[in-house]
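Trainee: Quick one: the structure is below, and I'll ask about it shortly.
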Amino acid sequence: MSETSTLISCTGRITRAELAKLPTPPATATHIPIAHTAVVETLVETLSHRQIGVVGEEFAVSTDASVDGCYGNVRCSRSGGQLRGLPIRDRN
């Protein structure tokens, strides 16, 4: 993935703040969903423990029930200044 990777979405891109406003589906007897932002925040925290910082991010949410989920592209920087695109996908 190049330094200029871009998330392409037919539903439009959203920010992490907008992602935080989305409701988490209710739990069932066999499935406990995790909020999309909780997954993103855990990823960012885990990366920071490895001296990898986030320098850009973009997210999109699918509205198709068969593939309902959150998709994202997180651009990272390591101590050498080298940027990498880190694609993440979350499905609730």
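Every number in this text was worked out from the coordinates using simple rules, so none of it is lab data. All values derive from a computational prediction rather than experimental measurement. Reconstructed Cβ throughout: ideal geometry from the backbone, glycine too, with neighbour counts over all protein chains shown.
Trainee: Give the average over all directions of the projected area of the C-alpha convex hull of segment 9-53, one decimal, in nm².
Mentor: 4.7
Trainee: Arrange the peptides 27-36, 12-21 so that the one whose residues have, on average, the most other Cβ atoms within 10 Å appears first.
Mentor: My ranking of the peptides, most packed first, is 12-21, 27-36.
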